[in-house]
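Read the structure below first, then the notes.
The values are calculated or read from the model by the stated rules, or taken from the named source; none is laboratory data. For clarity, every value in this text was computed on a predicted model and none was experimentally measured. Counting neighbours? That spans all protein chains shown, and the Cβs are built from the backbone with ideal geometry, glycine included.
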């Protein structure tokens with residue numbers, strides 16, 4: 001058992017993960033690219049229109065009853081989150097920022113694991129890996145969506161990051177994986 005933990009832990013400790021400076025630089029880069037993509041002021045796409053209609057007109061209990069199997073294949077976790085944001089008065093662009101923030105965290109967690117698994121300190125490989133992650137089109141295409149994708153991505157990425165960084169199952173990792181089921185089947 002201890003050998004398995006050591007093997008898993010060593011799998012992500014061969015290289016160096018993201019540094020604080022890289023996290024800040026990546027975050028600034030993602031905000032700029034998202035702004036250039038028009039993420040914050042675009043018109044809602046078809047799935048988002050459904051989300052906005054549901055969170056604006058249904059109570060949490062109605063969301064729970066109508067989302068589980070009766071209409072939508074997605075469990076209500078993301079609807080609850082967006083309804084909470086809507087009810088505290090966040091405008092559409094701010095809810096998109098929350099989604100993009102969750103997607104960015106997911107990408108940074110997986111990038112950290114990727115960089116930790118390769119030996120690329122000071123090389124062009126490290127720089128290229130970071131650029132590939134930061135320019136991934138889905139981050140900006142649906143990373144700001146008012147749907148289940150950003151919440152699911154951050155919960156599953158958090159699970160994998162905790163599992164691989166700790167080298168053993170954790171209660172927090174299990175909680176993240178369990179919560180991810182509340183967003184998608």
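Annotations
- Test: residue in region 143-153 that is modelled with pLDDT of 85 or more, surrounded by fewer than 17 Cβ atoms within 10 Å (Cβ to Cβ) and closer than 21 Å to residue 28 by Cα: no
- So residue 178, is it without any contact (Cβ under 8 Å) to a residue 12 or more places away in the chain, closer than 30 Å to residue 52 by Cβ and assigned to a helix (DSSP H, G or I): yes
- Those residues of region 86-97 which are assigned to a helix (DSSP H, G or I) and either without any contact (Cβ under 8 Å) to a residue 40 or more places away in the chain or surrounded by fewer than 12 Cβ atoms within 10 Å (Cβ to Cβ) (or both), in sequence order: 86, 87, 94
- Test for residue 139: is it under 14 Å from residue 17 (Cα atoms), within 13 Å of the chain's Cα centre (by Cα), in a helix (DSSP H, G or I) and touching a residue at least 40 places away in the same chain (Cβ under 8 Å): no
- Flag if residue 9 is modelled with pLDDT of 85 or more, in contact with a helix residue (DSSP H, G or I) (Cβ under 9 Å, 6 or more places away or on another chain) and part of a helix (DSSP H, G or I): no
- Residue match in region 165-175 (condition: farther than 23 Å from residue 56 by Cα, without any contact (Cβ under 8 Å) to a residue 60 or more places away in the chain and crowded, with 19+ Cβ neighbours inside 10 Å): yes
- Residues being buried (at least 17 other Cβ atoms within 10 Å of the Cβ) and touching a residue at least 40 places away in the same chain (Cβ under 8 Å) - total across region 111-125: 6
- Selection status of residue 101, at pLDDT 85 or above and under 22 Å from residue 164 (Cβ atoms): no
- Condition met for residue 146 (in contact (Cβ under 8 Å) with a residue 60 or more places away in the chain and not in a helix (DSSP H, G or I)): yes
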